[in-house]
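*Asks:* Quick one: the structure is below, and I'll ask about it shortly.
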Amino acid sequence: MTCEARRNDAGLGLIELIVAVVVSGIVIAAVATIFINSWKTQEQVTSVTQATNRGQLVSSTVERAMRNALFFDVTESGSVLRVRTSLTGDMRCQGFRLTDAAAQFTVDAAALPLPNTAWPVWKSGLAKQGSTPYFVRTAGGSLSYTFQISTNAAPVTFSGDVATRSEQETGSGGCW
């Protein structure tokens, strides 16, 4: 065998090159699919986490107001909660209005502003859970609440029952 014959056999053939390109393409497609699925999953997890944080903040604020309530009133088919608390300063009168788009929240030391549709938007993405009202005053004088927050995945549902720490009085305590 001559030196010239060896040089011709040393390179890649067309078939080998095509196989290498096809195998590389399959590997790149698999890695890209894994990356895209991981990205989508991360977006869903982030969306659910943010919704959970918003819902927990709304729930805990409603519960804190109710635990300190001297008077409370549920109006507008269960979408508005007005609370006169034992707290001082601006936290004395608190108002919550939940709609199918957002939670509105306001506080005042003397009286809640009217109309309640003008209260500032506090958190977004809220919705009713079916036909259940957001707020329901129970027979025992406590409050039941339920709502959900939309996400990129499934909605996150929040509900709870909270009783006041003090004896309920009638009236508004001057807040509404």
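The values are calculated or read from the model by the stated rules, or taken from the named source; none is laboratory data. It should be emphasised that the depicted structure is a prediction, and the values quoted were computed from it without experimental measurement. Every residue, glycine among them, receives a Cβ derived from its backbone with ideal geometry; neighbour counts consider all protein chains shown.
*Asks:* Report, by residue number, each residue of region 139-162 that is within 21 Å of R67 (Cβ to Cβ) and at pLDDT 90 or above. Reasoning before the result, please.
*Replies:* Going through region 139-162, the residues within 21 Å of R67 (Cβ to Cβ) turn out to be 139-147, 158-162.
Residues satisfying the conditions are S142, L143, S144, Y145, T146, F147, F158, S159, G160, D161, V162.
*Asks:* Which number in (1) at pLDDT 95 or above; (2) in contact with a helix residue (DSSP H, G or I) (Cβ under 6 Å, 6 or more places away or on another chain) marks the one condition that S59 misses?
*Replies:* (2)
*Asks:* Is there a residue being closer than 19 Å to S159 by Cβ and either buried (at least 17 other Cβ atoms within 10 Å of the Cβ) or touching a Cys at 6+ places or on another chain (Cβ under 7 Å) (or both) anywhere in region 24-47? Before the answer, list the steps.
*Replies:* Filtering region 24-47 down to residues closer than 19 Å to S159 by Cβ leaves none.
Checked region 24-47: no residue is closer than 19 Å to S159 by Cβ and either buried (at least 17 other Cβ atoms within 10 Å of the Cβ) or touching a Cys at 6+ places or on another chain (Cβ under 7 Å) (or both).
*Asks:* For the structure I just gave you, tell me whether D90 is in a helix (DSSP H, G or I) and either in contact with a Leu (Cβ under 8 Å, 6 or more places away or on another chain) or exposed (fewer than 13 other Cβ atoms within 10 Å of the Cβ) (or both).
*Replies:* Numbers: in a helix (DSSP H, G or I): yes; either in contact with a Leu (Cβ under 8 Å, 6 or more places away or on another chain) or exposed (fewer than 13 other Cβ atoms within 10 Å of the Cβ) (or both): yes.
Yes: the conditions hold for D90.
*Asks:* Return the only residue of A111, A139, A127 being over 13 Å from V58 (Cβ atoms), of a type in the set (A, V, I, L, M) and in contact with a strand residue (DSSP E or B) (Cβ under 9 Å, 6 or more places away or on another chain). Before you say what the answer is, go through the steps one by one.
*Replies:* Details: A139 fails: in contact with a strand residue (DSSP E or B) (Cβ under 9 Å, 6 or more places away or on another chain); A127 fails: over 13 Å from V58 (Cβ atoms).
From the options A111, A139, A127, the qualifying one is A111.
Each row is one residue, and each column tells you yes or no for (1) among the hydrophobic types (A, V, I, L, M, F, W, C); (2) over 14 Å from W176 (Cβ atoms).
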position	(1), (2)
T49	no, yes
S60	no, yes
M66	yes, yes
D73	no, no
G78	no, yes
L112	yes, no
T117	no, yes
R137	no, yes
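*Asks:* Scan region 68-86 residue by residue and report those that are surrounded by fewer than 15 Cβ atoms within 10 Å (Cβ to Cβ) and more than 21 Å from K128 (Cα to Cα).
*Replies:* Residue satisfying the conditions is S86 alone.
*Asks:* Being more than 22 Å from the chain's Cα centre (by Cα), more than 22 Å from L126 (Cβ to Cβ), modelled with pLDDT of 95 or more and not in a loop (DSSP other than H, G, I, E, B) is the requirement here; does A5 meet it? Before you say what the answer is, go through the steps one by one.
*Replies:* Details: more than 22 Å from the chain's Cα centre (by Cα): yes; more than 22 Å from L126 (Cβ to Cβ): yes; modelled with pLDDT of 95 or more: no; not in a loop (DSSP other than H, G, I, E, B): yes.
For A5, the condition - more than 22 Å from the chain's Cα centre (by Cα), more than 22 Å from L126 (Cβ to Cβ), modelled with pLDDT of 95 or more and not in a loop (DSSP other than H, G, I, E, B) - is not met.
*Asks:* Which of the residues spanning region 124-161 are surrounded by 19 or more Cβ atoms within 10 Å (Cβ to Cβ) and in a strand (DSSP E or B)?
*Replies:* Listed by number, the residues that qualify are L126, F135, L143, Y145, T146, F147, Q148, I149, V156, F158.
*Asks:* Pick out the one residue from T99, T132, T138, T75 that is touching an Asp or Glu at 6+ places or on another chain (Cβ under 9 Å) and among the β-branched types (V, I, T). If you could, list the steps in order and put the result at the bottom.
*Replies:* On the way: T99 fails: touching an Asp or Glu at 6+ places or on another chain (Cβ under 9 Å); T132 fails: touching an Asp or Glu at 6+ places or on another chain (Cβ under 9 Å); T75 fails: touching an Asp or Glu at 6+ places or on another chain (Cβ under 9 Å).
None of the other options fit; the residue is T138.
*Asks:* Follow-up. Condition (residue is without any contact (Cβ under 8 Å) to a residue 40 or more places away in the chain and hydrophobic (A, V, I, L, M, F, W, C)) applied to region 66-85: is it met by at least one residue?
*Replies:* Checking region 66-85: not a single residue is without any contact (Cβ under 8 Å) to a residue 40 or more places away in the chain and hydrophobic (A, V, I, L, M, F, W, C).
*Asks:* With the condition kept exactly as written, say whether any residue in region 95-112 is within 19 Å of A163 (Cβ to Cβ) and surrounded by 14 or more Cβ atoms within 10 Å (Cβ to Cβ).
*Replies:* Keep residues of region 95-112 that are within 19 Å of A163 (Cβ to Cβ), which gives 96.
With the extra rule that they be surrounded by 14 or more Cβ atoms within 10 Å (Cβ to Cβ), the set shrinks to 96.
Yes, region 95-112 contains at least one residue that is within 19 Å of A163 (Cβ to Cβ) and surrounded by 14 or more Cβ atoms within 10 Å (Cβ to Cβ).
*Asks:* I've got another one for you. In region 13-31, is there at least one residue being more than 23 Å from the chain's Cα centre (by Cα) and either in a loop (DSSP other than H, G, I, E, B) or under 30 Å from G171 (Cα atoms) (or both)? Explain how you work it out, then say what you get.
*Replies:* Applying the first criterion (more than 23 Å from the chain's Cα centre (by Cα)) to region 13-31 yields 13-31.
Okay, now just the ones that are also either in a loop (DSSP other than H, G, I, E, B) or under 30 Å from G171 (Cα atoms) (or both), so 13.
Looking for residues that are more than 23 Å from the chain's Cα centre (by Cα) and either in a loop (DSSP other than H, G, I, E, B) or under 30 Å from G171 (Cα atoms) (or both), one finds at least one in region 13-31, hence yes.
*Asks:* Could I ask something else about it? Of all the residues that make up region 114-123, how many are crowded, with 17+ Cβ neighbours inside 10 Å and over 14 Å from Q56 (Cα atoms)? Give the steps one after another, and end with the answer.
*Replies:* Keep residues of region 114-123 that are crowded, with 17+ Cβ neighbours inside 10 Å, which gives 116, 119, 122-123.
Restricting the remaining residues to those that are over 14 Å from Q56 (Cα atoms) gives 116, 119.
Qualifying residue count for the region: 2.
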